[in-house]
1. Compute the helix-to-body angle for 124-154: its Cα long axis versus the longest principal axis of the chain, expressed 0 to 90° and rounded to tens.
2. GNM, the chain, Cα, under 10 Å: largest mean-square fluctuation among Gly32, Gly64, Gly48?
3. Sort the following peptides by mean Cβ neighbour count (other Cβ atoms within 10 Å, averaged over residues), highest first: 295-301, 240-246.
4. Assuming 1.002 mPa s and 20 °C, estimate D for region 221-327 with Stokes-Einstein, Rh taken as the Kirkwood radius over Cα pairs, in µm²/s.
5. Compute the long axis of helix 217-232 from its Cα atoms, compare it with the longest principal axis of the Cα atoms of the chain, and write down the angle in degrees, 0 to 90, nearest 10.
6. Which one, Ala230, Ile194, Ile54, projects farthest toward the positive side of the charge dipole computed for the chain from Cβ point charges (K/R +1, D/E -1)?
7. Could you tell me, in Å, what Rg and Dmax come out for the Cα atoms of region 73-216?
8. Under 15 Å from the Cα of Lys196, which aspartates and glutamates turn up, not counting those fewer than eight places away in the same chain?
Amino acid sequence: MKHFKVLAVLVLFLVVSCNDGKQQKYLPGSIGAINSVTVVIDNELWKGAVGDKIREHYASPAIGLTWDEPIFTLNHVPKQSFTGALRKTRSVIYVELDTLNEAGIKTDLYATPQRVAVIKGKTEEELIQNIAEKAPGVISTFQGLELKEAQTRFLKSLNKEKALTEKFNVKLNVPSIYKVGKQENNFVWIDRQIPKGHANIIAYAMPANSLSNDSTLVRDIVRMRDSIGARYLPGEDVPGKVTHMRTEPAFSPSVFETEIAGRKAYEVRGIWDVKNDFMAGPFLTYIIDDAVNNRKLVLEGFTYAPATNKRDDMFQLEAILKTVRFL
């Protein structure tokens, strides 16, 4: 009788498992380099106007870099070759001529996490129209997915230094390869070596009423950054000259309203240089309203790596800064 009960339980377990199996889809983990997108499309379409429209949107220049780099690296794959490991890529655009005229985003078709933008049309003109109309939403979805993937990757080994918590009562998920290089009463500088240069994170606080005039916002942000550069970020010694980081005078930074850690913020992207010297590179700044502490918290990432691509290093800095938590 006892054996019969055990057998009954096992049978029930198998039945439930089979029923669940009808509803659950077990998928492999997705793969691919950060900011890499697989474009599944016939060769002739890729070479023509349809491919041009895809490249126009998905390989457009990223904002705030020292030279043009595409927001995504596009990898073209003909439909017949989209098999095996290629189906596990994280971000996919699938384009084809069809009897339907439709476009949308599908989640976790072949792997997880994965987003597949499926774009169909009865003619090339319909494909082009659908690509253009859906591009902003698809790009935003892909960027969010890539951001989470970058954050997941560096969770494996985090920096345990407490300078940011002690100075500003916040935490960031910073990879262990970054180290605190400088800290003062209202300033923390964290950096790491990258090929031919270094990637940097700085943090400081400003009065809550800073940047209160919308009509002079960009000018006031530049003035704020330059004052911090003059005080905390000196350049190399040049006889008879003052050197320090500043906002590159020839390029006005781009400013966007955003939200960080549930708080209103400004996102600033632009180019920095060193006054009276030849160093320069891209920067990304978040100026976060922190009303609880009657301040604005400023988090910035910037890189210096002459004659190298910087998109992915800046993207990692963005991923780090967006992990901020107020304690």
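The values are calculated or read from the model by the stated rules, or taken from the named source; none is laboratory data. Please read these numbers as outputs of a predicted model, since none were measured by experiment. A quick note on method: Cβ atoms are made from the backbone with ideal geometry, for glycine too, and the neighbour counts reach across all protein chains shown. The protein model used for the area step is the full one, side chains on, heavy atoms only, and it has no ligands, DNA or RNA in it. Shrake-Rupley method; radii C 1.70, N 1.55, O 1.52, S 1.80 Å.
1. 70 degrees
2. Gly48
3. 295-301, 240-246
4. Estimated diffusion coefficient is 145 µm²/s.
5. Compared with the principal axis, the helix lies near 70 degrees.
6. Ranked along the dipole, the leading option is Ile194.
7. Both quantities, over Cα of region 73-216: 22.1, 65 Å.
8. Asp312, Asp313
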